[in-house]
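**Student:** Just dropping this structure here.
The values are calculated or read from the model by the stated rules, or taken from the named source; none is laboratory data. All values reported here derive from a predicted model rather than from experimental measurement. Here the Cβ positions follow ideal geometry from the backbone for every residue, glycine too, while neighbour counts run over all protein chains shown. Surface accessibility is based on the protein's heavy atoms, side chains included, excluding ligands, DNA and RNA. Shrake-Rupley method; radii C 1.70, N 1.55, O 1.52, S 1.80 Å.
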Amino acid sequence: LILPQHAHLDRVKEKSAGGDKIGTTGRGIGLAYAEKMARKGVRACDLKSPDRFVARYREAAAACNERLTKLHGEPPMNAEEHLDALLAAAARLRPCIGDSVTFLNDALGRGELVLAEGAQGVLLDVDFGTYPYVTSSSPAPGGACTGLGISPRAITSIIGIVKAYTTRVGEGPMPTELLDATGERLRAEGGEFGATTGRPRRCGWFDAPAVRRATQISGTTELTLTKLDVLSIFDEIQIAVAYDTPEGRLDRIPFDLETLKQAKPVYESMPGWGTPIDQATRFEDLPVAARNYVARLEQIVGTPITMVGVGPDRAQTLARTP
């Protein structure tokens, strides 16, 4: 469980880190994961017993307060003021706690469809992302197995979702980032502001080395390309097809942070289509230049693009036959 002390300590840590901050959402996710790995976490099953939950909560809050005072020189948080709200939440959640592993595996055994949605993105994976500028979990498809308790054999398809350009929230290297008017136009046209924090997202051209790495890790069977309509404002569109680095030319994003910091994108230019496409109801209705762009991305990445988004509504996701 993510508890109030995790969010409080998260914000203090980010503030004290200065220029070395990770760029977290400040919601305490990383601190809750750290407690989990230290085998000190408060779990959902602890909500079954109010007395047990209160004892575990106080123990965890005391450990966080020790870090606040001794490591960061901050006053301790008043953990007791949150107890009434937490116990009320626990009462509401208690009927929902059960054996989710059996629930899911029984459903799969009956031949039912189970859809698992990955949080964050593959390159924010704590093991395979742009470490240390990552989240604290495993958003790659393998995380569905460890997070849900299902077998890898149960996964029958893996659909990757990627924008027609690149965005990032938080700190860390981003080779295709556009720190100019073009980047501002992408951000404004795409409404690129963080869903949780409202922070402006960093924007850049499509980063094929990053997507190749993500599909390699994921074993992606198909891709959905979103926000193609945002690129309609450009007469010319760039695609980063590789990086030039001190280690030579790379076609996948490197795991080594220092190499990534020095990576220079190698761009390929394609003509834009210069007309709105958000009213299209079939992929075949899109301008030739837009269809060519999609086909080129598919060729560069090496994974079939089977759906293309031209707007936020469900009807604006167009099926495509590669």
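**Student:** Would you mention how many residues in region 20-36 are free of Cβ contacts under 8 Å to residues at least 40 places away in the same chain and open to solvent by 80 Å² or more (accessible area, probe 1.4 Å)?
**Tutor:** Matching residues across region 20-36 total 2.
**Student:** Condition first: out of contact with any strand residue (DSSP E or B) (no Cβ under 7 Å at 6 or more places or on another chain) and either surrounded by 13 or more Cβ atoms within 10 Å (Cβ to Cβ) or among the charged types (D, E, K, R) (or both). Now tell me which residues in region 170-189 satisfy that.
**Tutor:** Result: G170, E171, G172, P173, D180, T182, E184, R185, A188, E189.
**Student:** Among the listed residues T156, T135, T130, identify the single one that is at pLDDT below 95, β-branched (V, I, T) and open to solvent by 70 Å² or more (accessible area, probe 1.4 Å).
**Tutor:** Sole residue among the options that is at pLDDT below 95, β-branched (V, I, T) and open to solvent by 70 Å² or more (accessible area, probe 1.4 Å): T156.
**Student:** Only one of (1) out of contact with any Leu (no Cβ under 7 Å at 6 or more places or on another chain); (2) at pLDDT 95 or above; (3) outside any strand (DSSP E or B) fails for V266. Which number is that?
**Tutor:** (3)
**Student:** Being at pLDDT below 95 and either open to solvent by 30 Å² or more (accessible area, probe 1.4 Å) or among the hydrophobic types (A, V, I, L, M, F, W, C) (or both) is the requirement here; does E247 meet it?
**Tutor:** Here the answer is yes, as E247 does meet what is asked.
**Student:** State whether one or more residues within region 99-120 are touching an Asp or Glu at 6+ places or on another chain (Cβ under 6 Å) and surrounded by 13 or more Cβ atoms within 10 Å (Cβ to Cβ).
**Tutor:** The answer is no; no qualifying residue exists.
**Student:** Please find, among L83, L124, the residue that is under 17 Å from R52 (Cα atoms) and either out of contact with any Lys or Arg (no Cβ under 7 Å at 6 or more places or on another chain) or open to solvent by 70 Å² or more (accessible area, probe 1.4 Å) (or both).
**Tutor:** Going through L83, L124 in turn, the sole match is L83.
**Student:** Just give me the residues in region 37-85 being without any contact (Cβ under 8 Å) to a residue 40 or more places away in the chain, among the basic types (K, R) and over 27 Å from A17 (Cβ atoms), in sequence order.
**Tutor:** Hits for region 37-85 are R52, R56, R58.
**Student:** Take D285 and decide whether it is modelled with pLDDT of 95 or more, surrounded by fewer than 17 Cβ atoms within 10 Å (Cβ to Cβ), over 24 Å from R185 (Cα atoms) and within 25 Å of the chain's Cα centre (by Cα).
**Tutor:** no
**Student:** Something else about it: Would you check if A7 is part of a helix (DSSP H, G or I) and out of contact with any Gly (no Cβ under 8 Å at 6 or more places or on another chain)?
**Tutor:** When the stated conditions are applied, A7 does not pass them.
**Student:** Looking at region 167-258, what strands (runs of 3 or more DSSP E) fall wholly within it and have at least 1 residues that are of a type in the set (D, E) and more than 20 Å from R296 (Cβ to Cβ)?
**Tutor:** Result: 236-245.
**Student:** Which members of region 288-303 meet the condition of being over 17 Å from V241 (Cα atoms) and either open to solvent by less than 60 Å² (accessible area, probe 1.4 Å) or in a strand (DSSP E or B) (or both)?
**Tutor:** Once the filter is applied, which keeps residues that are over 17 Å from V241 (Cα atoms) and either open to solvent by less than 60 Å² (accessible area, probe 1.4 Å) or in a strand (DSSP E or B) (or both), region 288-303 yields A289, A290.
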